[in-house]
1. Could you run the Karplus curve 6.51 cos²θ - 1.76 cosθ + 1.60 with θ = phi - 60° over region 161-170 and give me ³J(HN,Hα) per residue in whole Hz, x for Gly and Pro?
2. About the Cα centre of region 8-66, what is the dipole size in debye to 20, counting +1 per Lys and Arg Cβ and -1 per Asp and Glu Cβ, all else neutral?
3. Using alpha carbons only, how many angstrom separate the centre of region 288-348 from the centre of region 110-159?
4. Using the Cα gyration tensor of region 298-433, with a ≥ b ≥ c the square roots of its eigenvalues, what is the shape: rounded (a/c below 1.5), prolate (a/b larger than b/c) or oblate (neither)?
5. Sorted from fewest to most neighbouring beta carbons within 10 Å, what does the list K317, K486, K189 look like?
6. Can you give the charge dipole size of the chain about its Cα centre, rounded to the nearest 20 debye, using +1 on the beta carbon of Lys and Arg and -1 on the beta carbon of Asp and Glu?
7. Rank these for me by crowding, R394, R476, going from fewest to most other beta carbons within 10 Å.
8. Amide H to amide H under 5 Å from S256: which residues, 5+ apart in sequence or cross-chain, H placed 1.01 Å off N in plane?
Amino acid sequence: MSSIKEQPELGFSTSNLPTQLFINNEFVDSKSSDTLSVYNPKDGSLVSDKVSIADSGDVDTAVAAAEAAFPAWKAVPALQRREILLTFASLIEKHTRGLAELTRITLGAPFETMGKFEAGLCAETFRYYAAWIDKFAGESYPQQDGFMRITRNEPLGVTAGIVPWNGPLGIVGLKAAPALATGNCFILKPSEKTPFAALALGQLIREAGFPPGVFQVLSGAGNTGALLARHMRVRKISFTGSIPTGKLIQKMAAESNLKRVTLELGGKSPAVVFDDCNLDNAVEWCVNAIATNTGQMCYAASRLYVQDGILDRFTEKYKAALEERARAVGDPDNDSTLVGPLVDEAQYQRVTGFIERGSQQGTLLTGGNLVRDKGFFVQPTVFTNVKPDAEIYRQEIFGPVSILNSFTTEEEALQKANATEYGLMAGVFTQDINKAMRVAAEFESGMVGINCISITFMNTPFGGSKQSGLGRECGRNALEHYTEPKTIMINLNY
Ligand code: NAD
């Protein structure tokens, strides 16, 4: 392994796109001649029609390479494996700009508000899990009844991660880092809408010193993901995406080899704002929580419940702040842009459809208009007085669209917040810590923010309850999801 200073520049750029699969530390053409086309959401122009689709032969080749690499990889001494993960993290950080550009041309995410964050998240996850490598071996129990017991946390073997388009690099870290840290081999399947940053990682995987077959990247659409989910020799799938696809993954996993499954799915996250909150703080968090990444965030605060006494003032400030954010919607190539377009035409049709129908389901407070005459831009949009059975109230829109309703009592707020099949994130805004803790305990949600929302930390579990997911990423939990505890019982009496 050479030092970071000696590493060559990222070999890929917007004029030299990575389009091949990365198998066994080589960039290779897929066995199929079918390719994916990807478009730039800022104007709808074609970016490439040559992105490889991994077919069953490619998936089998990658799984065989991973299986061959596994025995040696799990035996790599902890400190050496740690060095590889740390080097990879530094390489990602070094190539932040280049990787962010490769994402921006298909996701439309501005560098300052998303691209930089994503690369930082990916690098930081590798650092975080590198530090766990020599600290998650297992446990031993004191002698009892003539027996001693030891548990070993053993890797599963060939694991795979299927990621969505809204966090094409950050989410890679959340899956690949704990998998690789615990000695598994890992196959990454990026979204068909945003494949380039993931494919470019091949160069950095090699440079960091991962042995061939340990960390591979297979581009393709849902069919490639399904080949991994159904594969008899893949032992674990970690999936982030929509609830319907998540359910299919779990079914395929059960019907094939009962592979382990982690599901990070959608959300419709409530923010409950009490009269006694710090108003400016509540407004700032609620605005960022629906505008970041053009609202295409699983934990976006898309349902606001504001107590009667503060309703008018909150509504006025929230509206004004979102209208200011609407003025920062624009060309994602411009560093002063805060909000870019939606990812593609399909997403644009979906979100604008919700907005159009929403006018019959509530009162439009702000937004709803076209921002530019080309590209997939929408204004941050808010509806008030929305009926609880309306689709904009119940369904995940996955765009910069929120609903703002009122409440009178704490019980009513909780009843409204919890009346959903989603359970990813919730937030409560109040300066009464007792009330905050009461509400936090009653939210049916995997994550709760007090005087904040739509935020996560590396060292605490990330994930949802109810239909928002299964299992957790981040923290120690992710390590547990990539290992199997083996109990060894030693008879001391024979
Ligand atoms: P999606 O379910 O359409 O696709 C996600 C991934 O699954 C893609 O890589 C896709 O190619 C693959 N896929 C599609 N069909 C498949 C199949 N039959 N078998 C295997 N793989 C298949 O989701 P999306 O539109 O890319 O992402 C948006 C969704 O992701 C939203 O619902 C959002 O809330 C959710 N999301 C959740 C989290 C979280 O951590 N909870 C984070 C980000 C996004």
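1. 3J(HN,Hα) across region 161-170, in whole Hz: x, 10, 10, x, 8, 7, x, x, 10, x.
2. Details: 3 positive and 9 negative charges, 31 e Å.
Result for region 8-66 is approximately 140 debye, rounded to the nearest 20.
3. 35
4. On the way: a/c = 1.91, a/b = 1.57, b/c = 1.22.
Here region 298-433 falls in the prolate category.
5. Details: K317 18, K486 11, K189 29.
Listing K317, K486, K189 from fewest to most nearby Cβ atoms yields K486, K317, K189.
6. Numbers: 47 positive and 54 negative charges, 216 e Å.
Charge dipole of the chain: 1040 debye, to the nearest 20.
7. Fewest-to-most Cβ neighbours within 10 Å comes out as R476, R394.
8. The answer is none.
Read-outs: derived from the displayed coordinates by stated rules, not from any lab. Note that the structure is a prediction, hence the values are computed from the model and not measured. All Cβ positions, even for glycine, are placed from backbone atoms using ideal geometry, and neighbour counts span all protein chains on display.
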